[in-house]
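Take a look at the structure below.
All of the numbers you see were taken from the coordinates with simple rules; none came from a lab. Small disclaimer: the values here were computed from a predicted structure and weren't measured. Don't worry about glycine lacking a Cβ; one is built from the backbone with ideal geometry, like all the others, and counts go over all protein chains shown.
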C-alpha cells in the first residue's frame with residue numbers, strides 16, 4: 001500500500017499562514033509609501049514656509065536699514081554745551097516734542113535709494129507735522145478740513161464737535177459734567193453700546209467709532225490725519241493742498257501763492273513771512289518736528305516687491321529712533337498722502 005504522507009524534504013506548498021504574512025507585508029509597504037508621500041509634502045511645505053519667513057525677515061531688515069538712514073539724515077549736529085534732548089516729556093510717548101539744539105533745524109522731508117541684499121530700496125520720509133493731528137488740532141481747523149473734502153460747513157462743524165467730544169477728558173466740575181453727560185447721551189440715544197473714549201485718539205481707525213462720521217468721509221480724511229505729530233500747527237512747507245485749505249484765512253489766491261513760494265523759495269522764512277498776515281497763526285508752522293512717516297519700497301532681483309510705511313520718533317537720547325507705527329506690505333503704501341511736492345530747499 002502506498003504511503004501518501006509527505007517526506008520531510010518535500011515541498012508542502014503554500015499554507016494559510018504564508019498568505020497572512022504576504023498580506024501584512026503588502027500593507028506595510030503601502031503604509032511606508034503613504035508615509036513617504038506625507039513626509040515629502042511636509043518637506044515641501046516646510047521649504048515654502050522657510051522661504052516665506054526668509055523673505056519677511058529680509059524685508060524687515062531692509063526696512064530697518066531705511067529707518068536708520070532716515071534717522072541719520074534727519075539728525076542735526078549736537079552742540080558742545082549742555083542741551084535738552086531725550087524722549088518726549090509729555091505723558092504720551094508717541095508724541096514728538098521740540099528739542100533745544102544749536103544749528104540749522106533738521107530737514108522736514110527727503111528721499112534716498114540704496115542697494116543691498118540683491119534688492120533695490122527706495123525710501124521717502126516726511127514730517128508728520130504735514131498732517132493734521134487729531135489730538136492737537138482745533139475744532140475750527142478740523143471743520144475747515146472737512147469742508148475742503150467737500151462737506152457742507154454746518155455738517156463739518158458737527159463732525160468736528162463729535163471728534164472733540166470723543167477725546168474730551170472726563171468732567172471734573174458740575175457744569176462740565178453736564179456737557180460730558182450730554183455727549184454720552186448722544187451715543188446712548190444712537191444705540192451705541194459704548195461711550196466716548198474721554199482720552200486722546202489711540203489710532204486713526206478709531207474715527208470709525210465716533211458718532212455720525214460718515215465712513216466715506218473717514219476714508220478720504222485718513223491719509224491727511226495723524227496722532228503722532230503732537231502739534232496743533234501744520235507744517236505749511238510740506239502739507240498737502242487738502243491740508244493747507246483747512247488753514248483759517250487761506251484764500252484760493254493765497255493758496256496759489258503759497259504753492260508757488262514752496263516750489264521756488266530756498267528759504268523757509270520767505271513762506272513764513274508770507275503767512276504772517278493770516279489769522280490764527282498758531283495753526284501754521286515752518287518747522288517739522290521729531291516724527292517722520294517713512295515709506296519704503298523694495299524691488300528684489302527675482303521680481304518680487306515689498307514695502308512698508310513706518311512712523312518713527314527721532315531726537316532720543318538712548319537710541320536713534322523709536323517706532324510708533326509699522327505697516328507691512330505694498331498695501332500700506334496705497335492711498336497715502338506721502339508725496340514730495342517739487343520744492344527747492
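The ranking of 183, 242 from fewest to most other beta carbons within 10 Å of each one's beta carbon is 242, 183. Applying 1/(1 + (r/R0)^6) with r as the Cβ-Cβ distance of residue 122 and residue 209 and R0 = 41 angstrom yields a FRET efficiency of 0.70.
Only Cα pairs under 8 Å and 6+ residues apart enter the sum, and on that basis the relative contact order of segment 193-269 stands at 21 percent. Its Cα gyration tensor gives segment 124-262 an equivalent ellipsoid. The semi-axes, each the square root of 5 times an eigenvalue, are 29, 15, 14 Å from largest down. Our estimate of slack between residue 199 and residue 65, defined as 0.36 nm per intervening residue step minus the Cα-Cα distance, is 44.8 nm. For residue 334 and residue 287, a Förster radius of 30 Å and the Cβ-Cβ distance give a FRET efficiency of 0.55, rounded to the nearest 0.05. Placing dummy labels 7 Å off each Cα toward the beta-carbon, the span from residue 113 to residue 140 is 4.5 nm. For residue 29 and residue 301, the FRET efficiency from 1/(1 + (r/R0)^6), where r spans their Cβ atoms and R0 equals 41 Å, is about 0.35.
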